[in-house]
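Okay, structure first, notes after.
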Amino acid sequence: MASDFLESLNDRYASEKMYKEMGEHFKANKEKALKLNEFLKEDSYGGLKELLERDAEKKKIANRFSFEEMGIDKKIECIFADLDFLDFAGAVVGRKIKKGEIKVKRFKHRDYTLLHDSDDVKPGIVFFFFICSGWNGEYGGEKVYLGGKQPLICMPEPNTFYLLKKQEGVREFVRYVNNLAGKNAFIIVEGKLE
């Protein structure tokens, strides 16, 4: 029987040959980053989009961050905590991944995160996945990694997955979501992999 992750993964990414190609791309790429559009099958992604409407707990410290923290929904856990997901990530980065830590955050108008001296700047393998109905670049909300030769700027795009090797000293933030976003929101499922 296939796992929830393998059942949800877009068929275009679900082969050993593709795992190998993604791994080669990851290793050859200076940023050690991989972006996969249409990561999940449409029906699996549609089930996750329902989370945009769920209640969440507002977290805010004015000089650090503002967003809504969501609990780990069973649908998310079944995909991103699945052993086959860890094997997939390990195949891409070229090493065994044993466990992952997941957080789920929702951003909408007036939400952001800021760079701070106490930020975790340790190296490691991280991933994030965007859930949204659509997002316009004019809204803000990009996830930005600073500290490398060039910033890595990741626009919220529906059903888009990023996997990257965060280098020592690299810091991250989410750009302010401005009033043009109106009632639009996006969710970031993010995790650290060990």
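Taking the stated definitions as given, is residue 128 in a helix (DSSP H, G or I), at pLDDT 95 or above and under 25 Å from residue 20 (Cα atoms)? No. Can you name the residue in region 68-83 that is under 14 Å from the mean Cα position of the chain (by Cα) and assigned to a helix (DSSP H, G or I) and, of all such residues, is surrounded by the most Cβ atoms within 10 Å (Cβ to Cβ)? That would be 79.
Yes/no matrix, rows are residues, columns are (1) surrounded by 17 or more Cβ atoms within 10 Å (Cβ to Cβ); (2) farther than 19 Å from residue 95 by Cα:
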position: 20; (1), (2): no, no
position: 27; (1), (2): no, no
position: 30; (1), (2): no, no
position: 38; (1), (2): no, yes
position: 45; (1), (2): yes, yes
position: 61; (1), (2): no, yes
position: 64; (1), (2): no, yes
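A Cβ distance below 8 Å, combined with a sequence gap of six or more or placement on separate chains, defines the contacts here; from region 109-123, residues that are more than 24 Å from residue 181 (Cβ to Cβ) reach no residue that is surrounded by 14 or more Cβ atoms within 10 Å (Cβ to Cβ) and at pLDDT below 80.
From 110, 95, grab the single residue that is outside any strand (DSSP E or B), more than 17 Å from the chain's Cα centre (by Cα) and under 27 Å from residue 167 (Cα atoms).
The unique qualifying residue is 95.
Among the residues of region 106-141, the one identified as closer than 14 Å to residue 189 by Cα and charged (D, E, K, R) is 106.
Tell me, please, whether a residue that is of a type outside the set (A, V, I, L, M, F, W, C) and under 23 Å from residue 61 (Cβ atoms) can be found in region 179-186. Yes, some residue in region 179-186 is of a type outside the set (A, V, I, L, M, F, W, C) and under 23 Å from residue 61 (Cβ atoms).
Taken together, the criteria place residue 171 among residues that are in contact with a Leu (Cβ under 8 Å, 6 or more places away or on another chain), among the basic types (Lys, Arg) and either farther than 25 Å from residue 23 by Cα or without any contact (Cβ under 8 Å) to a residue 60 or more places away in the chain (or both).
Mind checking which residues of region 132-143 are surrounded by fewer than 16 Cβ atoms within 10 Å (Cβ to Cβ) and either in a strand (DSSP E or B) or on the phi > 0 side of the Ramachandran plot (or both)? Answer for region 132-143, where residues must be surrounded by fewer than 16 Cβ atoms within 10 Å (Cβ to Cβ) and either in a strand (DSSP E or B) or on the phi > 0 side of the Ramachandran plot (or both): just 134. For region 156-186, residues that are assigned to a strand (DSSP E or B) and closer than 24 Å to residue 122 by Cα total 10.
Of the residues that sit in region 1-56 and are among the basic types (Lys, Arg), part of a loop (DSSP other than H, G, I, E, B) and farther than 19 Å from residue 164 by Cα, which one is farthest from the chain's Cα centre (by Cα)?
Keep residues of region 1-56 that are among the basic types (Lys, Arg), which gives 12, 17, 20, 27, 30, 32, 35, 41, 49, 54.
Add one more test, that the residue is part of a loop (DSSP other than H, G, I, E, B), and what stays is 30, 32, 41, 54.
In the following step, the residues that additionally are farther than 19 Å from residue 164 by Cα were identified as 41, 54.
Numbers: 41: 17, 54: 19 Å.
In this case the residue turns out to be 54.
Looking only at region 141-163, decide whether some residue is of a type in the set (Lys, Arg), under 23 Å from residue 70 (Cβ atoms) and in contact (Cβ under 8 Å) with a residue 60 or more places away in the chain. So far as region 141-163 goes, no, none of its residues is of a type in the set (Lys, Arg), under 23 Å from residue 70 (Cβ atoms) and in contact (Cβ under 8 Å) with a residue 60 or more places away in the chain. Can you name the residue in region 144-154 that is out of contact with any Phe, Trp or Tyr (no Cβ under 7 Å at 6 or more places or on another chain) and part of a loop (DSSP other than H, G, I, E, B) and, of all such residues, is modelled with the lowest pLDDT? So the residue we want is 148. Has region 172-185 got at least one residue that is more than 22 Å from residue 53 (Cα to Cα) and at pLDDT below 95? For region 172-185, residues more than 22 Å from residue 53 (Cα to Cα) and at pLDDT below 95: present.
The values are calculated or read from the model by the stated rules, or taken from the named source; none is laboratory data. None of these values were measured; they are calculated from a predicted model. Because the Cβ atoms are built from the backbone with ideal geometry, glycine has one as well, and the counts that use them run over all protein chains shown.
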